[in-house]
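The values are calculated or read from the model by the stated rules, or taken from the named source; none is laboratory data. Just so it is clear, the structure is predicted and the values come from calculations on it, not from any experiment. As a convention, Cβ positions derive from the backbone with ideal geometry for all residues, glycine included, and neighbour counts pool all protein chains shown.
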Amino acid sequence: MVSRYHKSRPQAEERPTQDTATLDRVDEEGKDVSMSDMTELEKELNAALMHTRSRKTQLMMERVSSLREQEKKLSDENKELNRQLQVASAVNQYCSRPPQKLRALPLFKD
């Protein structure tokens, strides 16, 4: 199981750390590992898990912030386009009316 964990981490550091050395010992010599080693390994794994979760949360919050900024920009752009559409529609409506017939005003009374 531990070997599969190592194989599934292609981006992991190449140099073995203390916790990976302990994992290798557990994997190869499971019966010779002391309780204190297992407790220490559990603490290290919990710390690594907390760090990973914290980083994931940070990345998700940054993404949410970025998406909110993008949403605001798109909303502002949409408002501007709607304003331009209303102006263009009003101009088009005014220009599409047929010209009104001009009536001559009577200059002289009969």
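Things worth noting here:
- Test: residue in the stretch 16-29 that is more than 29 Å from the chain's Cα centre (by Cα), at pLDDT 95 or above and not in a loop (DSSP other than H, G, I, E, B): no
- Those residues of the stretch 81-104 which are hydroxyl-bearing (Ser, Thr, Tyr) and either on the phi > 0 side of the Ramachandran plot or surrounded by 10 or more Cβ atoms within 10 Å (Cβ to Cβ) (or both), in sequence order: SER89
- Qualifying residue in the stretch 60-69 (condition: among the polar types (S, T, N, Q), surrounded by 10 or more Cβ atoms within 10 Å (Cβ to Cβ) and assigned to a helix (DSSP H, G or I)): yes
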